[in-house]
Amino acid sequence: MDMKDLNQFPRVSLGVFPTPIQRLNNISQLLHTNIYVKRDDLTGLGLGGNKTRKLEFLLADAKNRGAEIVFTTGGAQSNHAMLSAAAANRLGMKAVLILKQRGVTEIRGNRFLESLMGTEVILMDTDDYADIYAEMDRIGSARGLVYYKIPCGGSNALGTLGYVDCAREISRQGIFFDHLICAEGSGGTMAGLALGGKLFLPGTKVYGMMVDSDPFEEITPRLMREAADLLEADIGISDRDYSLRDMCGPGYAIPSDEGNAAVRLVAEKEGMFLDPVYTGKAFAGLLKMAEEGAFRESDRVLFLHSGGAGGLFAVG
């Protein structure tokens, strides 16, 4: 297929790639199939996590535009916001985080890490991101500096390319996977893997475990189409290209019993730490699929560990 090469897009070097793929031997034995993990919790920036791949593209764009301030947003314990601050600091730009005053707002977890980095954090009592983006414009204009706005989760077309590139990376690591599973919290990671799956992982089914109540049945294909347009890839997008499953539980950023059980299971069996907001709920979805007989004994299932360890220290 004729398309732009991902290497043609400007990017800054923030992460350590490729991240390893490991077989979870004890979980595999327990589930009677082959469970692997893509260790994107080991991307090397901050405590690691999936946002590093997106930020390589987004902050290259910010630098090319001469940005002095980088704004972004999310919940009070946003992994994306914390990593954005770490990346901006490394690149000599000032990060300003305007976060929803929801969830754990005390100075612990990711908010503690932000305080260590000297990050400016503003909490807004709103559920509407439009209010937050308007506040970014107000503050940026008032300070008279060139500013750059990164959306929640880094989930726009440019950020989505980070996980198209991850799918390409997986295709070069020497193992075919029947199933690829990730958490879906803002849409870009899932959309990138689904599009990247079509381009680089033929035969692999991609599943998004929805940990928020946003309309991902609309967000996912839209981001896939927008990223495909950036790549100038003439490729059809349909809901047959991926599968979505609701694992939100009691609500976004509110731990669920099944998610917490998955966090404990993986910690006990594999010495690997998931988080209660994203990867714990997503792995609980994988466990449900196994219980329902979705995997054959010979299948290879790859779980994307998208990080989030800071969130463990904000709860309990």
request  = Taking H placed 1.01 Å from N in the peptide plane, check which residues at least 5 places from Glu184 or on another chain put their amide H under 5 Å from its amide H.
outcome  = Met209, Met210, Val211
key: Sparse-neighbour loop sites [GluC sites (Glu not before Pro); segment 206-280; at most 15 other C-beta within 10 Å; DSSP]   = Glu232
query = What is the distance in Å between the Cα centres of segment 248-267 and segment 159-217?
reply = 21 Å
note = The relative contact order of segment 51-154, taking Cα pairs under 8 Å that sit 6 or more residues apart, comes to a percentage of 37 percent
note = Ranked from fewest to most other Cβ atoms within 10 Å of their own Cβ, Arg240, Arg296 fall in the order Arg240, Arg296
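Rank these for me by crowding, Asp241, Asp165, Asp246, Asp257, going from fewest to most other beta carbons within 10 Å. Walk me through the numbers on the way to the answer.
Numbers: Asp241 17, Asp165 22, Asp246 14, Asp257 10.
Exposure proxy ranking, most exposed first: Asp257, Asp246, Asp241, Asp165.
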remark   = For the chain, the longest principal axis of the Cα atoms and the Cα long axis of helix 129-143 enclose an angle in degrees, to the nearest 10, of 40 degrees
Trypsin sites (Lys or Arg not before Pro) within segment 90-195, DSSP loop, no more than 16 other Cβ atoms inside 10 Å = Arg108, Arg172
note = If Asp41, Asp229, Asp2 are placed from fewest to most neighbouring beta carbons inside 10 Å, the sequence is Asp2, Asp229, Asp41
message = With +1 assigned to the C-beta of every Lys and Arg and -1 to the C-beta of every Asp and Glu, and no other charges, what is the dipole magnitude of segment 1-40 about the Cα centre in debye, to the nearest 20?
response = 140 debye
ask   = Of [x] 18.5, 60; [y] 20.5, 67; [z] 19.6, 62, which is the value of Rg and Dmax of the Cα atoms in Å derived from the coordinates here?
value = [x]
note = If unit charges are put on Cβ atoms (+1 for Lys and Arg, -1 for Asp and Glu) and the dipole of the chain is taken about its Cα centre, the option from Ser243, Ala227, Met272 lying farthest towards the positive end turns out to be Met272
request  = Please state the charge dipole magnitude for the chain, taken about the Cα centre, from unit charges on C-beta atoms (+1 on K and R, -1 on D and E), reported in debye and rounded to the nearest 20.
outcome  = 860 debye
task = Kindly express, to the nearest 10 degrees and within the range 0 to 90, the angle between helix 188-200's C-alpha long axis and the longest C-alpha principal axis of the chain.
result = 50 degrees
ask   = What angle do you read, to the nearest 10 degrees and between 0 and 90, between the alpha-carbon axis of helix 279-291 and the longest principal axis of the chain?
value = 20 degrees
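Readers should treat all values here as calculations from the given coordinates under stated rules, not as data from a laboratory. Source: prediction; values computed, not measured. Positions of Cβ are backbone-derived with ideal geometry, glycine not excepted, and every protein chain shown enters the neighbour counts.
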